[in-house]
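Below you'll find the structure, written out as structure tokens, and then a few comments.
The values are calculated or read from the model by the stated rules, or taken from the named source; none is laboratory data. Quantities reported herein were computed from a predicted structural model and do not represent experimental measurements. Cβ placement follows ideal geometry from the backbone for every residue including glycine, while neighbour counts extend to all protein chains displayed. Areas reflect the complete protein model, heavy atoms only, side chains present, ligands, DNA and RNA absent. Shrake-Rupley method; radii C 1.70, N 1.55, O 1.52, S 1.80 Å.
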Amino acid sequence: MAWEVWLLFALTETALCFTPGPAVLLVVSQGLARGARASIWPNLGILAGNTLYFVLSATSLGALLVASYELFAAIRWVGAAYLIWLGVAAFRGRSTVLSVAPAAGAPLRARRMFVNGFVLQVANPKALVFFTALLPQFIDPRGSLVAQVAILAVTSVVIEFCVLLAYGASAGRVTTLAARPPFATLANRLAGTMLIAAGVGTAAIRRG
């Protein structure tokens, strides 16, 4: 893979990772409620979900999922419903997944936080559409497909891990804010609104 192609992908991936979305909201909420260290587990779950979509989008199976109207529609509606459900629960301050309210600060097992991150990311079919559309732009059909996909996958995982780690660490520095009811209420309603909007956007996805 040419260095300039790899660099362009890395810059594109970095810019996209810094854009707030459901994954960032989850990591930040865990950082606020439970500290920077706890935010690493949902971070890893999100990356596992991304890796799954990365593999699917790099194979004919990913194209099949996008091309099949019935299957893609089912994935889209389930994902949209899940994001909206999370958004409503977070808005009301009753989410055990994403709320930063003090009540949501009860200890969670690392495995549970990992699964929350994985499910949240997998429930967002935008990732599949994105990677299916993006990856081919950086693949040279004359080179080794496996090697190029592996390079881009590792690059993507490392960049997103670092970005989400930075978000979680920043949130972990202000955990005392989560104990203040006015801040927790505002944060929950903002996160809930953004998740509901993400769910509506997911429902509106159309195949390219």
message: List the residue pairs whose Cβ atoms are under 6 Å apart, where the first residue sits in segment 165-178 and is of a type in the set (A, V, I, L, M, F, W, C), the second is not in a helix (DSSP H, G or I), and the two are 6 or more positions apart or on different chains.
response: Ala169/Ala36; Ala178/Val100
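Select, from Ala73, Ala58, Ala48, Ala80, the only residue that is surrounded by fewer than 19 Cβ atoms within 10 Å (Cβ to Cβ) and modelled with pLDDT under 80.
Values: Ala58 fails: surrounded by fewer than 19 Cβ atoms within 10 Å (Cβ to Cβ); Ala48 fails: modelled with pLDDT under 80; Ala80 fails: surrounded by fewer than 19 Cβ atoms within 10 Å (Cβ to Cβ).
After applying the criteria, what remains is Ala73.
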- prompt: Can Ala89 be described as modelled with pLDDT under 70, over 30 Å from Phe9 (Cα atoms) and assigned to a helix (DSSP H, G or I)?
  reply: no
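Checking the conditions here, which among Leu152, Leu134 is more than 16 Å from the chain's Cα centre (by Cα), modelled with pLDDT of 80 or more and over 23 Å from Ala36 (Cα atoms)?
Values: Leu134 fails: modelled with pLDDT of 80 or more.
Of Leu152, Leu134, the one residue that is more than 16 Å from the chain's Cα centre (by Cα), modelled with pLDDT of 80 or more and over 23 Å from Ala36 (Cα atoms) is Leu152.
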message: Just to be sure before I move on: is Val122 open to solvent by less than 60 Å² (accessible area, probe 1.4 Å), β-branched (Val, Ile, Thr) and within 13 Å of the chain's Cα centre (by Cα) in the structure I sent?
response: yes
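Considering segment 167-182 alone, what residues qualify as being surrounded by 14 or more Cβ atoms within 10 Å (Cβ to Cβ) and either within 23 Å of the chain's Cα centre (by Cα) or on the phi > 0 side of the Ramachandran plot (or both)? Break it down into steps so the answer makes sense when it comes.
Start the filter on segment 167-182 by keeping residues that are surrounded by 14 or more Cβ atoms within 10 Å (Cβ to Cβ), which leaves 167-172, 175, 177-179.
Selection gives Tyr167, Gly168, Ala169, Ser170, Ala171, Gly172, Thr175, Ala178.
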field: All positions within segment 94-117 that are open to solvent by less than 30 Å² (accessible area, probe 1.4 Å) and modelled with pLDDT of 70 or more
entry: Met113, Asn116, Gly117
